[in-house]
Amino acid sequence: MANLIRHFCKSNLANCIRQVTWSHFERLIRVEEEKVRNYYLIEAAIQNWAVRTLDRNISTLYYQRLISTQKSCILEQKTEKITSEFTQVPDDL
């Protein structure tokens, strides 16, 4: 427990910690990746997630789905930019 508190205090998440309950922490401890755990902590605090909402988002891999969606949008934009040169019809045809 002391290590958990030290970790969160070091990482500027102290404001978020004050806004969530012990039940939230019980769920967050189970998330292995620190980056993902911090995301859920920040979102739970900012969005005022209930424990059930946090549970659902963790169990449905909300963070991973969000990241994959963002990556696919970026990839689509890059592809569209690259292929736009080939899809333009010259005026003199």
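I'd like the accessible area for Trp49: 1.4 Å probe, protein heavy atoms, all chains in place, Å² to the nearest 10.
Looks like 30 Å² after rounding.
Please arrange Arg56, Arg30, Arg37 by accessible surface area, largest first, computed with a 1.4 Å probe and ligands excluded. Mind showing how you got there, number by number?
Values: Arg56 130, Arg30 170, Arg37 40 Å².
Of Arg56, Arg30, Arg37, the descending order of accessible area is Arg30, Arg56, Arg37.
Can you compute the FRET efficiency between Trp22 and Gln70 using 1/(1 + (r/R0)^6), with r the Cβ-Cβ distance and R0 = 41 Å? Round to the nearest 0.05.
0.85
Cβ under 13 Å from Asn57's Cβ, Asn57 left aside: what net charge do those residues give with Lys, Arg +1 and Asp, Glu -1? Could you put the intermediate results ahead of the total?
Values: positive: Arg27, Arg30, Arg37, Arg52, Arg56, Arg65; negative: Glu43, Asp55.
Every neighbour counted, the sum reads +4.
The values are calculated or read from the model by the stated rules, or taken from the named source; none is laboratory data. Just so it is clear, the model here is predicted, and its values are computed rather than measured. As a convention, Cβ positions derive from the backbone with ideal geometry for all residues, glycine included, and neighbour counts pool all protein chains shown. Surface areas here come from the heavy atoms of the whole protein model, side chains and all, with no ligands, DNA or RNA. Shrake-Rupley method; radii C 1.70, N 1.55, O 1.52, S 1.80 Å.
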